[in-house]
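For reference, the structure discussed in these notes is given below.
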Amino acid sequence: MNYTRSDFPDGFLFGANAPAEMATGLDMYRIPIRWIDILPDGRTPDTDALDQCEQRIDQILSLNLRPCLVLDHSELPPALEDIGGWCNREIAAYFSDFAETIVARMGDRLFKVSTSCLRTKNQGSPRIEARSLHHQLLAQGAARQEMRSYGLTNLGAELEPVLLDSILNAKYPEVLLDRVENYLPDNWSDDFATIAEPNDWLSVTVSQDVDVDTVLNIIPEHKKPLPVFINVASNDASDLTHGLDAIHIALKQGSLIQGAFFEYESSSTADALQLLLNVGSQPAPWVRPKGGLHAHWNLVADIGGTNTRLGVVTEGELTDLRKHPTGTVSDLQEALHELCDEIGTQPRAVVAAGAGPVKSGTIRLTNANLDLSEDALAKATGAHHTYVINDFTAAAWSVAEITQNDVEVLQGEASPPLGTRLVVGPGTGLGVGALLYSEGHFHTVSGEGGHMGLSPRHLDEVEVFSAARQIVPECFFSDTLAIEAEMFLSGTGLPVLYQAIGMTEGQLNVAMRSAKDILQDAQDGSDACAVKAARMFTEHLGALMGDLAVALTPTGGVFLVGGVAEKNRWLFGQDFLRAFNAGGRFDDLRKAMNLYVSEQDEFGIVGANNFCKNALAR
């Protein structure tokens, strides 16, 4: 039968599926982009290859054609073959990076993007076949997640019919599972959360050996019928006619076929297709959507006991900051969800920082009395990279990119040099964190600085420590006079210190006062007990920081962060420096340390953002 456009539904799209000279009247063009061309070593983009790809897309757009990209992984970069190829689970993340490289550069000019056909035939041993197949499916899902994080839509997959269950219903079909189950990686079923990342359409190939009707009869059995695009493999005019016959029959049966791509290597095939394209009405030319590709963004959160700050990070920079009551986990999830809805796309990554221990992807938020998991963040936002971190992991990361404009210099170089960095934060508690610098990269270490021991530095302090034992006996180390540092050197501990001093001065029933009021009275000299509490706070904090600095030798600097340091800069004068530098035989080492007060606003948000950038780069 000789077909014309009028034999197909309005809006049906015809495309070219081969690098032959383009026929006039086409609606779209299929462009395979080979992974090995764009990332020859699997990691580093080839800028020339990217330029050529971009020029090709722009040329297709100039012809009023719809560019349809296929991310082709049929040939792996050799460096990735060397680490096990598709048998190595890490390859899925590398393929996702390939997708991001393309979309970040030219995603705003694409009509649709698909991942390429999977190879399911025996590739050696059953174990190699099973793991290769599973990791390829995982890679396709991860790539779709990555592309959607940019706001890209119209994403699909080209795959064999036997794998439809995998991406539509999040399971392997029994006929396939029977063959591969014993050889799949551990916890393989957990990966279907990524493998089944939604597709907007499916693509199947038909030829004389595989009939489209045969293929499409399978699709309605699935829970989520999707639009279909057909690839017609045609070596001559008879193959073209066969493909058109099959499509026409399927359309009459109610199939959701929206378009077809044709190969036409022979002149007879091209002539036959040309006749079809030039008769009947054509769809309107595709107009590239303006602003269709959203800026890539991440969401970072600094969770306190009362309030939570949510930061929107676009292309690495903080572009919006919101404040919400912390409330319950459900309240937090709702706030995250509403922010994502307002922006209109899912974040690529979410990082939540808070006070408390982290274990197995869950943080125990001690100030808020909540357990927050990475899974809960993913559920609320749809992000496929989620992290929960301790607040002093965030504090440490806050100084990763710090400059001389962000600090007050107490001692040493004007600009913090590159190297290992120590962070100490007397705030509500006493936090300690460090960025260890090695081989050109930072690695975070956070600790519980508040649980280090303080002992009397002068004879007149023995009475103060003894009095404190009556107030908080549980915070002393056995039967010694060593007390947890946090019980004196924090916003919650300073009132304990003040009360203990009052008891040594013979005061009965010393009233508990806030750290803010104590420091205010100390600054103006109106309360002798407050003055002594401030002096002890200053000296012990300086000495503790000096001890930590000797142990760690942070060539990149020692940094004070947090509310107490920010609001009470007067505390960190000569008394503080004398205590920091008093190290006996190590006086000179301490005096050579670079010592700063961080003046960054929202250091928790800054740190969560720096952590996020580093985690994604890994």
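Numerical summary
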read-out	value
Pair ASN169, GLN282: separation of 7 Å Cα→Cβ label points (nm)	4.2
Extension gain from SER455 to SER62, taking 0.36 nm per residue of separation minus the Cα-Cα distance	133.8 nm
For region 413-571, accessible area per residue (1.4 Å probe, heavy atoms of protein chains only), Å²	43
Radius of gyration and Dmax over the Cα atoms of region 404-507, both given in Å	17.5, 57
For region 248-370, accessible area per residue (1.4 Å probe, heavy atoms of protein chains only), Å²	50
Structure-based [θ]222 nm, the chain - -39500 (n - 2.57) summed over DSSP H runs of at least 4, per residue, nearest 500	-11000 deg cm²/dmol
Leading residue at positive end of dipole, the chain (Cβ point charges), from PRO473, ALA383, ASN17	PRO473
Apportionment of accessible area to carbon and sulfur, the chain, percent (1.4 Å)	49
Principal axes of region 35-162: Cα extent on each, largest first, Å	48, 31, 24
For region 40-113: accessible area per residue (Å², 1.4 Å)	42
The chain: equivalent-ellipsoid semi-axes (sqrt of 5 x gyration tensor eigenvalues, Cα, Å)	64, 23, 21
Acute angle (nearest 10 degrees) that the helix 329-343 long axis makes with the longest principal axis of the chain, alpha-carbon atoms	50
Residue-span extension gain [ASN614 to ALA193] - 0.36 nm each, minus C-alpha spacing	149.1 nm
Amide H contacts of ASN594 (H built 1.01 Å from N, under 5 Å, at least 5 apart or other chain)	GLY557, VAL558
Given charges at Cβ of Lys, Arg, Asp, Glu: the chain dipole, positive-most of TYR3, GLY254, ASN367	ASN367
Folded to 0 to 90 degrees: helix 528-552 orientation relative to the chain principal axis, Cα	50
Most positive-pole-ward Cα, GLY525, THR538, GLY583, against dipole of region 468-599 from beta carbon charges	GLY583
For the chain, share of DSSP beta bridges that run antiparallel, in % to the nearest 5	45
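The values are calculated or read from the model by the stated rules, or taken from the named source; none is laboratory data. Please read all numbers here as calculations on a predicted model, not as lab measurements. Positions of Cβ are generated from backbone atoms using ideal geometry, with glycine treated the same way; all protein chains shown enter the neighbour counts. Each accessible area value is taken on the protein alone, full model and side chains, heavy atoms only, with ligands, DNA and RNA left out. Shrake-Rupley method; radii C 1.70, N 1.55, O 1.52, S 1.80 Å.
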